[in-house]
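First comes the structure, then the notes that go with it.
None of the figures in this text is laboratory data; all of them are computed from the coordinates on show. As the structure is a prediction and not an experimental result, all values here were calculated from the model. With ideal geometry, Cβ positions are generated from the backbone for all residues, glycine too; neighbour counts draw on all protein chains shown.
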Amino acid sequence: MSGSSYVIGEVVHGAALGRELMFPTINLGGSVDQYDSPKAGIYLGIAEIITGVFANQSYYTLISAGYRPTVNGDSYKIEAYLLDFSGDLYGEQVKVTFSTYLRGEIKYDNLDDLIEQMKLDELNGRELIAQGKIEALT
């Protein structure tokens, strides 16, 4: 991937594991083959909602790109946790821009360890936002 990379996709239903872990994510549907997929890992970025009642709103987002090894994922997926967002985006088009690579994928021994890392990722992401190390929302 070069420059500021992004994907645009329809929000589709996933396994709802993120919701169970208190980190509800949007799952972008479509064939990943159509994108220049980012290397597996966790990113900080921006999600721009294109359609629906939330259209033209943007949110900072933590993005998981990869295979989800802790839950034995079997395919490459892109999921985004929109910071400070509450609402239903199923069926809507969303553009997710990858701004800052935070870390690689890690296989944890249990979900509790994964949740603790996700909390740290959120804290790190919010710190980068507060420091102005990511572009401002439009």
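When trypsin sites (Lys or Arg not before Pro) are flagged only if DSSP places them in a loop and at most 13 other Cβ atoms lie within 10 Å, the longest unflagged stretch of the chain comes out as 40-106.
Could you give the dipole magnitude of the chain about its Cα centre, charging the beta-carbon of Lys and Arg +1 and that of Asp and Glu -1, in debye to the nearest 20?
Values: 10 positive and 19 negative charges, 50 e Å.
That gives a dipole near 240 debye.
Rounded to whole numbers, the Karplus 3J(HN,Hα) couplings from phi for region 102-109 are 9, 5, x, 6, 10, 8, 8, 6 Hz, using 6.51 cos²θ - 1.76 cosθ + 1.60 with θ = phi - 60°, and x at Gly and Pro.
Let's test the formula: R0 of 25 Å, r as the Cβ-Cβ distance of Ile8 and Gln57. What FRET efficiency results, to the nearest 0.05? Could the numbers behind the result be given before it?
Values: r = 15 Å, r/R0 = 0.61.
After rounding to 0.05, the efficiency reads 0.95.
Here's how it looks for Ser99: its modeled amide H is under 5 Å from those of Leu44, Gly45, Ile46, which are all 5 or more places away or on a different chain. Averaging the sequence gap over all C-alpha pairs within less than 8 Å and six or more residues apart, then dividing by the number of residues, gives the chain a relative contact order of 30 percent. Applying 1/(1 + (r/R0)^6) with r as the Cβ-Cβ distance of Lys95 and Asn72 and R0 = 25 angstrom yields a FRET efficiency of 0.30. A dipole drawn for the chain from +1 and -1 charges on Cβ atoms has a positive end, and of Ser37, Val12, Ala55 the residue lying farthest that way is Ser37.
Kindly provide the helix-only [θ] at 222 nm of the chain, computed as the sum of -39,500 (n - 2.57) over DSSP H runs of four or more divided by all residues, to the nearest 500 deg cm²/dmol? List each step's numbers first, then the result.
Values: 2 runs with 24 residues, N = 138.
Result for the chain, helices only: -5500 deg cm²/dmol.
Extension gain, Glu127-Ser37: 0.36 nm per intervening residue step, less the Cα-Cα distance, totals 29.8 nm.
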